[in-house]
Amino acid sequence: MAKFRTLDDIDAAAKRVLVRVDLNVPVKDGAVTDDTRIRAVAPTISELAGKGAKVILLAHFGRPKGKRDETQSLKVVVPAVAKVLGRPVAFADDCIGDVAAAAVAALAPGDVLILENTRFYKGEEGNDPAFVQALAASGDLYVNDAFSAAHRAHASTEGLAHVLPAFAGRSMQAELEALDKALGAPVRPVAAIVGGAKVSSKIDLLENLVAKVDMLVIGGGMANTFLAAKGVNVGKSLCEHDLAETALRILKAADAAGCRIVLPEDAVVAEAFAANAPNRIVELDAVPAESMILDVGPKSLTAVVAALEEARTLVWNGPLGAFELEPFDRGTVSAALAAAELTRAGRLTSIAGGGDTVAALNHAGVAAQFSYISTAGGAFLEWMEGKALPGVEALKA
């Protein structure tokens with residue numbers, strides 16, 4: 001893994017430290033309803049404050065598109081941040097200029113301040129050098145602890161790293177170390193599970209993975225496109241028939257790279273996309289014309305578990321079936337339980353990410369048992385696609 005400077009390399013005492021965090025949290029009726037992202041960055045904030053730094057938090061909230069919008073002010077998150085940190089948190093009504101300067105000047109070592117939404121300025125998303133300098137005026141050092149925004153080349157996620165001494169925060173460090181274990185320098189064999197609705201949204205991902213992993217399990221609606229490309233009649237299942245050539249190209253690339261593709265061998269079908277819809281298990285050559293494939297069958301699950309037992313590293317993005325509808329969650333839940341058991345036994349390093357994936361693992365009750373769960377969304381997906389992330393590249397020593 002490329003060398004990154006971390007908090008271990010910082011002399012933070014009495015320094016003004018600009019910390020890019022992700023505070024884009026859900027809010028209802030003026031209160032934060034999920035503080036997961038706040039808790040993720042709390043260790044970095046607390047460590048810096050404990051070292052006597054003046055901690056100044058930069059973040060975006062919503063999509064104000066470069067204009068001030070009071071409905072998207074970060075002020076609403078201040079109480080939740082203070083509660084998680086267990087310390088007072090100040091707020092400045094701007095992120096640059098005299099207002100920000102006065103708020104920063106009022107800080108004592110160990111204090112924490114949140115600056116207003118950086119996206120109130122067009123210079124944020126445009127990574128405008130003048131805006132970068134205006135932000136930098138408030139700090140002596142820069143820490144990026146927002147991997148979830150690292151795929152954006154914005155002023156507060158990428159620009160600042162070029163004008164101030166730059167470091168990775170603890171959350172960013174943990175993410176980078178986990179991702180390196182997954183695909184950078186993994187213990188082999190490596191298995192990947194990729195599911196979800198459509199192949200079209202994950203072409204880059206699949207093409208990158210077949211060159212890097214030893215086994216690729218394809219599930220969910222996207223598996224139907226691969227099955228149809230191989231001549232399977234998938235009935236009324238979700239399927240992108242127009243991507244048959246793409247699917248065959250990916251299968252050919254996998255074969256050339258020595259990557260074993262694991263596709264469903266049987267299926268659970270139903271005529272209605274609804275919880276507890278009448279269903280049955282069928283062989284792939286017997287999918288009824290009026291039915292939809294909504295989950296993998298027992299033979300398929302056996303093959304998935306066998307791949308997990310063979311693997312030493314697992315990367316997971318996407319469910320195997322319609323996990324949000326019982327009983328079509330069985331395949332995903334069973335695979336998740338198997339992966340969690342292997343992880344607990346020390347036989348598997350398991351890394352998972354993506355909104356549906358995290359929801360599915362939470363549904364299975366095993367998220368906490370995986371080696372690492374990424375909540376980064378788009379950044380996690382772009383990393384899996386093999387793309388360079390601007391916010392990460394800028395931190396390389």
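Structural remarks
- Amide hydrogen proximity for Thr6: with H placed 1.01 Å from N in the peptide plane, the residues at 5 or more positions away or on another chain lying under 5 Å are Ala168.
- In degrees, nearest ten, helix 298-310 long axis to first principal axis of the chain (Cα): 50 degrees
- Using Cβ point charges alone (K and R +1, D and E -1), the dipole size of the chain about the Cα centre works out to roughly 700 debye.
- Shape call, segment 54-115: gyration tensor on alpha carbons, a/c limit 1.5: oblate
- Options Phe273, Gly318, Pro186, ranked by Cα towards positive dipole end of segment 185-324, top entry (Cβ charges): Pro186
- Fluctuation leader among Ala277, Ala161, Ala49 - the chain, Gaussian network, Cα springs under 10 angstrom: Ala277
- Rounded Å value of the spacing that divides the Cα centres of segment 361-386 and segment 146-212: 11 Å
- Per-residue HN-Hα couplings for segment 167-183 [Karplus 6.51, -1.76, 1.60; θ = phi - 60°; Hz; x = Gly/Pro]: 9, 8, x, 5, 5, 4, 4, 5, 5, 5, 5, 5, 5, 5, 5, 7, 10
- Equivalent-ellipsoid semi-axes of segment 190-305, from the Cα gyration tensor, Å, largest first: 24, 15, 12
- Largest-first principal axis extents, alpha carbons of the chain, Å: 72, 43, 38
- Gyration tensor verdict on segment 128-172 (Cα atoms; rounded if a/c is under 1.5, prolate if a/b is larger than b/c, oblate otherwise): oblate
- DSSP-defined antiparallel bridges as percent of all bridges, segment 1-146, nearest 5: 10 percent
- Leading residue at positive end of dipole, the chain (Cβ point charges), from Ile203, Phe167, Ala335: Phe167
- Remark: accessible surface ordering of Tyr142, Tyr372 (largest first) is Tyr372, Tyr142, probe radius 1.4 Å.
- Sequentially through segment 258-275, phi angles give Karplus couplings (6.51, -1.76, 1.60; θ = phi - 60°) of x, 9, 7, 8, 10, 9, x, 10, 8, 8, 9, 10, 8, 8, 10, 8, 7, 4 Hz, Gly and Pro residues having no value and appearing as x.
- Per residue of the chain, the DSSP helices (runs of n ≥ 4 H) give a summed -39500 (n - 2.57) that works out to -10000 deg cm²/dmol at 222 nm.
- Placing +1 on the Cβ of every Lys and Arg and -1 on the Cβ of every Asp and Glu, with nothing else charged, gives segment 1-156 a dipole about its Cα centre of roughly 200 debye.
- Using distinct alpha-carbon pairs, which all enter the 1/r mean, Kirkwood radius of segment 135-237 in Å: 16.8 Å
- Candidates Lys54, Lys67, Lys212: whichever shows maximal mean-square fluctuation once the chain is modelled as a Gaussian network with Cα springs under 10 Å: Lys67
- Taken about its Cα centre, segment 210-344 carries a charge dipole of roughly 360 debye when the Cβ of each Lys and Arg holds +1 and the Cβ of each Asp and Glu holds -1.
- Ranked from largest to smallest solvent-accessible area, with a 1.4 Å probe on the protein heavy atoms, His241, His154 come out as His241, His154.
- Accessible area per residue was computed with a 1.4 Å probe on protein heavy atoms; Phe147 scores about 10 Å².
- For segment 247-397, taking Cα atoms only, Rg and Dmax work out to 17.1, 58 Å respectively.
- Note on segment 215-255: Rg/Rh from Cα positions, Kirkwood definition for Rh, rounded to two decimals, is 0.95.
- Comparing mean-square fluctuations of Thr332, Thr313, Thr36 from a GNM of the chain with C-alpha springs under 10 Å, the top value falls on Thr36.
- Share of carbon and sulfur in the accessible heavy-atom surface of segment 88-145 [1.4 Å probe, %]: 57 percent
- DSSP-defined antiparallel bridges as percent of all bridges, the chain, nearest 5: 25 percent
- For segment 1-58, the relative contact order comes to 48 percent (Cα pairs under 8 Å, sequence separation of at least 6).
- In the context of the full set of protein chains, the chain has a per residue accessible area of 41 Å² (1.4 Å probe).
- Scattering profile of segment 247-313 at q = 0.16, 0.20 Å⁻¹ [log10 I(q)/I(0), Debye over alpha-carbon scatterers]: -0.69, -0.88
- The shape of segment 45-199 can be summarised by an equivalent ellipsoid whose semi-axes, obtained from the alpha carbon gyration tensor, come to 30, 20, 16 Å from longest to shortest.
- For the chain, the longest principal axis of the alpha carbon atoms and the long axis of helix 330-344 meet at an angle near 60°.
- Global form of segment 172-220, assessed from the alpha-carbon gyration tensor, a/c cut-off 1.5: prolate
- Put simply, segment 15-136 fits an ellipsoid with semi-axes of 21, 19, 12 Å; these come from the alpha carbon gyration tensor as the roots of five times its eigenvalues, largest first.
- Which of Ala82, Ser46, Leu58, positive extreme of dipole for segment 28-107 (C-beta unit charges): Ser46
The values are calculated or read from the model by the stated rules, or taken from the named source; none is laboratory data. Note that the coordinates shown come from a computational prediction; the quantities given were computed from them, not determined experimentally. Quick reminder, even Gly has a Cβ in these numbers, built from the backbone with ideal geometry, and neighbours come from all protein chains shown. Note: areas computed on protein heavy atoms with side chains; ligands, DNA, RNA excluded. Shrake-Rupley method; radii C 1.70, N 1.55, O 1.52, S 1.80 Å.
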